[in-house]
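Q: Sharing a structure, written as structure tokens. Questions coming.
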């Protein structure tokens, strides 16, 4: 029997360094999104988050909703998004935030207005986060 090369042993014994990096990047993105959600709750009236756990869960739920329902809505409403120069995407994001507020306990948005302005602030914070973490 021949010896198993180190890279094969590493693959058989657990995640590679690249997988760990991707996992850490995903966790960092999740935590930064939660922090952005906390900031929005301090800036936008009618946008409430009651504690750290609801913030983390709401951030996760919003991300999952945007990746599933939000994606389908963005594909269906693509012509409207073009006509409005992308502003309609904020409406879809606001709807996803409202839906998440009905799902997550401890996360409350009191209407479409706060959800829309929350989506605007989250978009701006998301741009800033991506700019900062792009090189990290």
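Q: Tell me the Kirkwood hydrodynamic radius of the chain in angstroms, computed as one over the mean inverse distance between distinct C-alpha pairs. Show your work: numbers first, answer last.
A: On the way: mean 1/r = 0.0600 Å⁻¹.
Over the chain, the inverse of the mean reciprocal pair distance is 16.7 Å.
Q: Can I ask one more? At a threshold of 8 angstrom on Cα-Cα distance, excluding pairs fewer than six apart, so keeping six or more, what relative contact order does the chain reach in percent?
A: Numbers: 118 pairs, mean separation 37.4, N = 136.
28 percent.
Q: If we count other beta carbons within 10 Å of each Cβ, what is the order of 120, 72, 31, fewest first?
A: Details: 120 16, 72 10, 31 13.
Final ranking by Cβ density, sparse to dense: 72, 31, 120.
Q: Next question, about the same structure. Relative contact order of the range 85-129, please, whole-number percent, based on alpha carbon pairs below 8 angstrom and at least 6 residues apart. Please report the intermediate quantities before stating the final value.
A: Working: 29 pairs, mean separation 18.1, N = 45.
Answer for the range 85-129 is 40 percent.
Values quoted throughout were computed directly from the atomic coordinates according to the rules given, and no laboratory measurement underlies them. The structure displayed is predicted, hence computed values, not measured ones. Ideal geometry is used to build each Cβ from the backbone, glycine not excepted, and the neighbour counts take in all protein chains shown.
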